[in-house]
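**Student:** For reference, the structure I am asking about is given below.
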């Protein structure tokens, strides 16, 4: 006799994440935690801030106690060992959130549904391998990173591909990543965009907008130098929001029309972006949350025509593209751009489909469908 669904127990759920130190990937795990507040969150390393943010539901292993935090990035083999030895016996659902890490490689028993939310196939094994060899982004550890990557890339690619086959279902964070998942892993996936805190950026329209703005962590891959050099050439006002390892180099190349704002509170950021006529997004990102935040303020975006930007920049409606990651290509786009032709209300409306609320609805419906509830 079929048991009444009224007495059906809640599913036992576990969440797995590569590491929890801050960024867009963590926002997905945060929302999953809100959906399943009692689920443990397994990760190789977690900052004190994120442990608190996730209500102390985080479970870490020996790598949490590793004395030199920088060296954790060089230990994929040890992370692989830790993730693949986690025991999920008795769980109904495991949700892994991965991107440049090993969380999706967990083993789950028969009868346990494993859903992987993939931010990207591992950059330094696949699409961006050559770029990482040139500039690993580890400062004084760069020579060590290059050597390790050259020696280990073969076996790690094989493990990464095999691990990508373990999830029952795969979610991609953008159409670009959906394509890469198919290309590198041979897997089909559905697209559910990551959650963006649209409400935080829904600020009043400023009395006057002026100049251009670029924002984020100043690392080589973000290509902020393109925005600075383009605005130098055109003598356009540009504000550079944030800081990072590239800061001194960027300041040194900046002309008289470029201003840096290093210390910014969470409450100040929306107004600073809203006060600009245009947001410049020169990097190749898997998704890219900050341009969507800019759109939520009604600010149009000039973006590289690649990656996640293709999902939200609509030519002539929410912004425009430049086709090559060069100063000349960006200069051409900025010179032709007419901010007055854009409807700020329409840009704000376009950002709504990337809201936290929309993400919750989509992820909930997907999980329920795959669990047969």
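**Student:** Output the number of residues of segment 40-67 satisfying the condition of being touching a strand residue (DSSP E or B) at 6+ places or on another chain (Cβ under 8 Å) and surrounded by fewer than 20 Cβ atoms within 10 Å (Cβ to Cβ).
**Tutor:** 7
**Student:** Now, a different point. Every residue in segment 278-319 that is outside any loop (DSSP other than H, G, I, E, B) and more than 23 Å from residue 192 (Cα to Cα), please.
**Tutor:** Across segment 278-319, the qualifying residues are 278, 279, 280, 302.
**Student:** Name the single residue, out of those in segment 84-117 being out of contact with any strand residue (DSSP E or B) (no Cβ under 7 Å at 6 or more places or on another chain) and surrounded by 19 or more Cβ atoms within 10 Å (Cβ to Cβ), that is nearest to residue 22 (Cα to Cα).
**Tutor:** Restricting to residues being out of contact with any strand residue (DSSP E or B) (no Cβ under 7 Å at 6 or more places or on another chain) and surrounded by 19 or more Cβ atoms within 10 Å (Cβ to Cβ), the top hit is 101.
**Student:** Going by the conditions given, is residue 333 surrounded by 24 or more Cβ atoms within 10 Å (Cβ to Cβ) and either within 15 Å of residue 175 (Cα to Cα) or at pLDDT 95 or above (or both)?
**Tutor:** Taking the combined requirement at face value, the residue does not satisfy it.
**Student:** Now for a different question. Scan segment 323-341 and tell me whether some residue there is under 24 Å from residue 25 (Cα atoms) and under 22 Å from the mean Cα position of the chain (by Cα).
**Tutor:** Looking for residues that are under 24 Å from residue 25 (Cα atoms) and under 22 Å from the mean Cα position of the chain (by Cα), one finds none in segment 323-341, hence no.
**Student:** Moving to a separate point now. Output the residues belonging to segment 244-256 that are more than 12 Å from residue 227 (Cα to Cα) and either assigned to a strand (DSSP E or B) or more than 27 Å from the chain's Cα centre (by Cα) (or both).
**Tutor:** Result: 252, 256.
**Student:** Let me ask something else about it. So, residue 196, is that one over 18 Å from residue 310 (Cα atoms), under 17 Å from the mean Cα position of the chain (by Cα) and buried (at least 20 other Cβ atoms within 10 Å of the Cβ) or not?
**Tutor:** no
**Student:** Would you confirm whether any residue within segment 241-260 is at positive phi and either in the same structural domain as residue 331 (by TED's automatic domain parsing) or at pLDDT below 95 (or both)?
**Tutor:** Within segment 241-260, one or more residues are at positive phi and either in the same structural domain as residue 331 (by TED's automatic domain parsing) or at pLDDT below 95 (or both).
**Student:** Scan segment 244-263 and give yes if some residue there is closer than 21 Å to residue 197 by Cα and in contact with a strand residue (DSSP E or B) (Cβ under 8 Å, 6 or more places away or on another chain), otherwise no.
**Tutor:** No, that holds for no residue.
**Student:** Any residue in segment 52-70 that is modelled with pLDDT of 90 or more, under 21 Å from the mean Cα position of the chain (by Cα), over 30 Å from residue 147 (Cβ atoms) and in a loop (DSSP other than H, G, I, E, B)?
**Tutor:** Yes, the conditions are met somewhere in segment 52-70.
**Student:** Out of all the residues in segment 211-222, is one or more within 18 Å of residue 257 (Cα to Cα), more than 24 Å from the chain's Cα centre (by Cα) and assigned to a loop (DSSP other than H, G, I, E, B)?
**Tutor:** Checking segment 211-222: at least one residue is within 18 Å of residue 257 (Cα to Cα), more than 24 Å from the chain's Cα centre (by Cα) and assigned to a loop (DSSP other than H, G, I, E, B).
The values are calculated or read from the model by the stated rules, or taken from the named source; none is laboratory data. Computed from a prediction, not measured in an experiment: that's the story for all the values here. We place every Cβ from the backbone using ideal geometry, glycine too, and count neighbours over all the protein chains shown.
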